[in-house]
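Here's the structure, in structure tokens; my notes come after.
Derivation of every value follows stated rules applied to the coordinates shown; laboratory data play no part. Treat the numbers as computed from the prediction; the structure is a model and nothing was measured. When we count neighbours, we look across all protein chains shown, and the Cβ atoms used for this are built from the backbone with ideal geometry, even at glycine.
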Amino acid sequence: MINIDSIDSTDSGSPTYSTYPKVKGATCAIPLNSSNSANLPASGESLESVEMNAAEFFAGDSRGGYNLPSTPYLWLMKRSSGLTRASSIVADVARENSLPHDQVRAALLDLATWGLIELLPTPIYSTLTHRENINQHEINNQTRLSIERSLITHRSPDGGVAEWANRAEHVIAIMGDTRIARNLLPLLTSSGFTKSSVIALPSEPFLLGAMDINGLSVTLEHLGKSKALHHRELIRHSHISGATQLISSRKSDLIIATTPPAPDQIQEWQSEGITHIAVSDPIRAEIELSYFIQPGLTPCLRCIALHRRDALPPNLSALSLSSGRHELPVAAAALVAALLASAVENFYQANRPVSTTSQLINLLEPALAPGVRRWNFHPECGCVDVRRRALQR
Ligand SMILES: [Zn+2]
């Protein structure tokens, strides 16, 4: 698929326009043929169609786009609502313009190839328009889903249908009794990761206190409330799907540690092969977000701790250990939670890429490019053996 942005070769950010896209006969990301009538064409998010004159129109956005003949392209764009099958649209446009079927089908494929329409495998919306009793709850769900889709669609050729559906499959455990955790929980459940939960440890306080107020999901009115009850309510009030059984008894496939985990926890996750990501204690104004640690594939958190220890004089090596619970100011806690939620979305859509680079976020100037730190396996860490065994298989 051609990315319209890629035709903009200037660094000035000024828009570029192309009269007819050069690529003819290129293959589309999703094949469209007569036997595959379930494709539902939908106009791309953030794209506009502007009629220039009776014969020509512009399709694109403020950064660039294409001038195209209105017949049959504009006719096709206008009918691409994500609810009507490709075969019906092609038949209608061919009949109304007295054009050969094949020509109209080829034009529809052109639009998909150029990224102006998406070919959805299934409707992203439920068949809302075909039902008599639409309640407010469903309308709210559709509105929220369309906003979530508006971002996913920029990296998924199917309008985000598969990625959205896939999110509900993952069982995610958030560890750490923190402001970040209680922001992250509703962010994940609202973003379609409906099987997310905060795992409390017996050593943690049972009730919400002043240090838990994060300005978003915990406010003054929640002081003294049971954390477990509040977490359940956050899930119930934030998810989109309408499902009631959200917490799965299945083992977590991802753990997000919002504070540095204890050595026995790291050991447990490593031996069970559970992917995890961790946030460091803040040091000065910086926190370090680890990469997604995949046991056997990437250096583990213990490897990182051992490398840190090695870098310190022997009599100061205790400085490399976590110093306990630190809370972040509300904006920083919200920022870290949002970064984690975006990282999780990206990890699952990008087919679990293997990275060994952690990111250092400056909480005072978070828009600066993060510092990066690449980590290696530590020879003293037992996870090297896990890796060796994995490589031998
Ligand atoms: Zn290790």
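Database remark: amide H of PHE57 closer than 5 angstrom to the amide H of MET52, LEU68, SER70 (H placed geometrically; neighbours at sequence offset of 5 or more, or on other chains; Pro and chain starts carry no H). Once backbone amide H atoms are built at 1.01 Å from N, ILE213 has no partners under 5 Å, excluding neighbours fewer than 5 places away on the same chain. Note that segment 168-392 carries a Kirkwood radius of 18.2 Å, evaluated over its alpha carbons pair by pair. Roughly what % of DSSP beta bridges within segment 168-392 run antiparallel, to the nearest 5? Of those bridges, close to 50 percent are antiparallel.
Considering only the other residues whose Cβ falls under 15 Å of the Cβ of LYS251, what net charge follows from Lys and Arg at +1 and Asp and Glu at -1?
Details: positive: LYS195, ARG250; negative: GLU169, ASP253, GLU268, GLU272.
Overall, the nearby charge balance is -2.
The phi torsions of segment 275-287, fed into the Karplus equation with coefficients 6.51, -1.76 and 1.60 and a -60° offset, translate into couplings of 5, 8, 9, 9, 9, 6, 4, x, 10, 6, 9, 10, 10 Hz, rounded to whole numbers, with Gly and Pro shown as x. Coupling constants for segment 330-337 follow from the phi torsions by the Karplus curve (6.51 cos²θ - 1.76 cosθ + 1.60, θ = phi - 60°), and in residue order they are 4, 5, 5, 5, 5, 4, 5, 4 Hz; glycine and proline get x.
Backbone geometry of segment 306-315 corresponds, through the Karplus equation with coefficients 6.51, -1.76 and 1.60 at θ = phi - 60°, to 3J(HN,Hα) couplings of 5, 4, 5, 4, 4, 6, 9, x, x, 6 Hz, x marking Gly and Pro. Among 266-276, 295-305, 182-192, the peptide with the highest mean count of other Cβ atoms within 10 Å heads the list, and the full ranking is 182-192, 295-305, 266-276. The H on the amide N of GLY44, modeled in the peptide plane, is under 5 Å from the matching H of ILE117, GLU118, each at least 5 residues off or on a different chain.
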